[in-house]
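Okay, structure first, notes after.
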Amino acid sequence: MAEPVVLVAWDKGSAELSRGPSGEAIWERGPKGWVVAVADLAVIGSHGVPTIELDGLTFQLALVPDGPNLDGCELRLNGGSLAIEASGT
């Protein structure tokens, strides 16, 4: 990777609408929560989201106005994947 970056973003979850046999609305909702990934900033671009440097790593925090803040959260390795979790859990 030319420019590795740790991406942190709030995923508000997905929603899909389908119709039942009598035409009633059936909503299927995906989970919401923090998403963490490692990507190449040279490939994906910044899309105007600033980056920060911390302990030699580059982070991009793509926060949204209606999402929760990161106060009291930690970046951890959970089951082989990066995850954002509340401190002390």
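The values are calculated or read from the model by the stated rules, or taken from the named source; none is laboratory data. Because the structure is predicted, anything quoted here is derived from the model rather than measured. Here the Cβ positions follow ideal geometry from the backbone for every residue, glycine too, while neighbour counts run over all protein chains shown.
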### Query
Do the conditions hold for A39, that is, is it surrounded by 11 or more Cβ atoms within 10 Å (Cβ to Cβ) and in contact (Cβ under 8 Å) with a residue 12 or more places away in the chain?
yes
### Query
Can we say L70 is surrounded by 10 or more Cβ atoms within 10 Å (Cβ to Cβ) and either assigned to a loop (DSSP other than H, G, I, E, B) or of a type in the set (A, V, I, L, M) (or both)?
yes
### Residues (farther than 18 Å from M1 by Cα and at pLDDT 85 or above) located in region 55-75
D55, L61
#### Entry: Matching option when the condition is charged (D, E, K, R), surrounded by 13 or more Cβ atoms within 10 Å (Cβ to Cβ) and part of a strand (DSSP E or B), among E53, E85
E85
### Query
Of everything in region 1-36 that's assigned to a loop (DSSP other than H, G, I, E, B) and surrounded by 13 or more Cβ atoms within 10 Å (Cβ to Cβ), which residue is modelled with the lowest pLDDT?
K32
